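Take a look at the structure set out below.
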Amino acid sequence: MTTTAPENVAWDLEPLVDGEGEAGADRLLAEADRRAGAFAAAHAGKVSQLDGPGLAAAVQELGDLSELVGRAGSYAMLRFSVDTADPANGALLQRVQERGTAIETQLLFFDLEWAELSDERAEELLAADGLDRARHHLRTARRYRPHLLTEAEEKIMAEKSVSGSDAWSRLFSEVTSAIKVELDGEDEPVALDVALSRLMSPDRALRAHVAERVSAALEPTLRIRGYIFNTLMGDKATDDRLRAYPSWISSRNLANEASDESVGALVQAVREAYEIPRRWYRLKARLLGVDRLADYDRMASVGVEEEKSYGWEEAKSIVLDSFGDFSDVLADGARRFFDEEWIDAPVRPAKRGGAFCAYTVPSVHPYVMLNYTAQRRDVLTLAHELGHGLHAYLAQERGVFEQHTPLTLAETASVFGETLVFARLLDAAETPESRLALLAENIEGSIATVFRQVAMNQFEDLVHTARRTEGELSVDRISELWKQSQEELLGDAVEVTDGYKTWWSYVPHFIGSPGYVYAYAYGQLLALSVYGKYLAEGESFVPKYLELLSAGGSKSPEELAAIAGLDLADPGFWRAGLDLVKNQLELAEAAAEEVLAGRG
């Protein structure tokens, strides 16, 4: 069986540019530039003079401009992501970013002038008709008032970012995508993602070999990636100082509509529950027949059944059937991704690693990128990314300002979709061994999403703080802080090997989205709570869930969670979510004991 998706499972990006390719992207930007100039001429310095209908008309035009720039930007980014080595793709991405930023700078005045209005005047204007798809966005934009610079300064910041932070992020992506790993038994070096997937092998000698070779492959460009990381951390420290953010994480929390205190409570609750992953890893050592796991053992198959391969068509059927059992709305939406070429799935040279869903813009449709290697984990990843895709698809009616949720809710639909597929696979498991294999993957998914991401958040906290107090950090210093954060998580249950100390250096979130990772933990615990509501309420919960997804980012996180009957303000909420993860652990432990008893 093929170990990747067929080559024809490739996305068609032409709807983004009306079938005109690069020329279409340039045309969209030219139109946006012309209209942005006219908008600035009409409204710059006059936002305070707008009445309700005038504000609604202005916001409509801003939305249209965002669509034009977003279509061109999405086309360039998605084209680049599947072939980062093609100079034409890199050149297009750079050109689109530069022109998009030039358009953005013409429109900066609007948010600045809007933020300057008194609260009373702003609320008066927000009562106007025609703002139903922008009202929450306009309210939340005003929260940035203490952190905004002058219009001239904001323009400089925006224009310099193209050749500054954006350029460094692109360099990191190109350098990391070019990493190849030399493995014994392979005719040629494999992509980093492919090598990392081999860490799931039940063969410990192979896992140790893969880990050693991954560490070796990370070494040649390690100083380059370390310098990129240092530069971007320094750049963020400057931005935070200029904008008067009290800590390195504050700007991310503001974007997520989460207080520093609430995020601190989440992180603390998870750190206090680190014994959950340690318990699993100690049990896993027994299952694997070793005294203590090493870091390269954590994702290993527990070796209780032969790893089944899932062809692309089988994976598609499993996901669509699982979604359909919950709701035809989900299944019908997901089917469009397959039928209308919204997915790019095969592993290819120079393709970006990992998987993601790009919302693009509401007037077109979302896209999903995978690196499908036919493992069960890939089936669950397909469900995860299609969950994101359905969130985007169902929220299209909210428009460009309110389609996206804050990051803290961004994982709700993805984890929910993944959990639906997991439940189907578990129901089909006929033996204690196959049940354990699935339950092991499930608890390990939660460990990776909740506990590992919080440990990564702790690494970011350590490294950003050190960068601000110590200056530029050596690669060894960054690696030391990485090891410290991982050892806090793993305790005495897992050995952190010397080679693992540099594995921070391929994680893209640290580079392009500082502070992002805790949102995974937030989202996972919230999504598990949503799924718990479904188990409790059954069919009557389906309309609430569809309403939640369709609302996009049109309400605060607290209001969105309330649709599903959840109270984020409850101090016990995070502990309740962690109890659900503990339940996953206990199911896995029971299955493991049954298997171990069978071995005698």
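The values are calculated or read from the model by the stated rules, or taken from the named source; none is laboratory data. Computed from a predicted model, the values in this text were never measured in an experiment. When we count neighbours, we look across all protein chains shown, and the Cβ atoms used for this are built from the backbone with ideal geometry, even at glycine. To get the accessible areas, we keep the full protein, side chains included, count just its heavy atoms, and leave off ligands, DNA and RNA. Shrake-Rupley method; radii C 1.70, N 1.55, O 1.52, S 1.80 Å.
Whole Å is fine, so just give me how far the alpha carbon centre of the range 195-260 lies from that of the range 1-70. A separation of 31 Å, based on Cα centres. Surface composition of the range 244-310: carbon and sulfur atoms hold 47% of the protein heavy-atom accessible area at a 1.4 Å probe. The calculated FRET efficiency for Asp129 paired with Asp332, based on their beta-carbon distance and R0 = 35 Å, is about 0.60. Charges were assigned to the Cβ only: +1 to each Lys and Arg, -1 to each Asp and Glu. The resulting dipole of the range 63-130 about its Cα centre is roughly 680 debye. Between the C-alpha center of the range 476-541 and that of the range 332-396 there is a gap of 22 Å. To the nearest 0.05, how large is the calculated FRET efficiency for Glu472 and Lys544 if R₀ is 60 Å and r is the Cβ-Cβ distance? For R0 = 60 Å, the calculated efficiency reads 0.75.
The phi-based Karplus calculation (6.51 cos²θ - 1.76 cosθ + 1.60; θ = phi - 60°) puts the 3J(HN,Hα) values of the range 591-598 at 5, 5, 5, 5, 5, 5, 5, x Hz, whole numbers, x for Gly and Pro. Under 5 Å between amide hydrogens, built in the peptide plane, is the criterion, and for Ala294 it picks out Glu495 among residues at least 5 positions away or on other chains.
Pairs of Cα atoms under 8 Å, at least six residues apart: use those to get the relative contact order of the chain, whole percent. Can you show the working numbers first?
Values: 819 pairs, mean separation 113.2, N = 600.
Relative contact order comes out at 19 percent.
Heavy-atom accessible area for Ile276, with the other protein chains in place and a 1.4 Å probe, reaches approximately 20 Å².
Each of Arg34 and Ala590 was given a label point 7 Å from its Cα along the Cα-to-Cβ line. The distance between the two points is 6.7 nm. Taken along the Cα-to-beta-carbon direction at a fixed 7 Å, the label points for Asp51 and Glu340 span 4.0 nm. Multiplying the residue separation of Ala208 and Leu535 by 0.36 nm and subtracting their alpha-carbon distance yields 113.7 nm. Surface calculation, 1.4 Å probe, protein heavy atoms: Val263 sits at approximately 10 Å² accessible.
In order along the range 554-563, the phi-based Karplus estimate (6.51 cos²θ - 1.76 cosθ + 1.60, θ = phi - 60°) of 3J(HN,Hα) comes to 7, 9, 5, x, 5, 5, 5, 4, 5, 4 Hz; Gly and Pro are listed as x.
The calculated P(r) of the range 443-600, using every Cα pair and 5 Å bins from 0, goes 2, 8, 13, 16, 15, 14, 12, 10, 7, 3, 1, 0 in percent. With all protein chains kept in place, the per residue accessible area of the chain amounts to 41 square angstrom at a probe of 1.4 angstrom.
Full extension of the chain between Lys160 and Ala569 yields a length gain of 143.3 nm, computed as 0.36 nm times the residue separation minus the alpha carbon distance. The accessible-area ordering, largest first, of the residues Thr381, Thr238 stands as Thr238, Thr381, per a 1.4 angstrom probe.
Using the Cβ of Thr405 as centre and a radius below 13 Å, the other residues enclosed give a net charge of -3, where K and R count +1 and D and E count -1. Close amide H partners of Ser327, meaning residues 5 or more places away or on another chain with modelled amide H under 5 Å apart, do not exist here. Applied to the range 57-68, the Karplus parametrisation 6.51 cos²θ - 1.76 cosθ + 1.60 on θ = phi - 60° returns per-residue 3J(HN,Hα) values of 5, 5, 5, 4, 5, 4, x, 4, 5, 5, 4, 4 Hz, with x for Gly and Pro.
Summary of packing: across the peptides 217-226, 184-193, 425-434, the per-residue average of other C-beta atoms within 10 Å ranks them, highest first, as 217-226, 425-434, 184-193. For the residue pairs Lys180/Lys501; Lys155/Lys555; Lys284/Lys316; Lys160/Lys501, the alpha carbons lie more than 25 Å apart in Lys155/Lys555; Lys284/Lys316; Lys160/Lys501.
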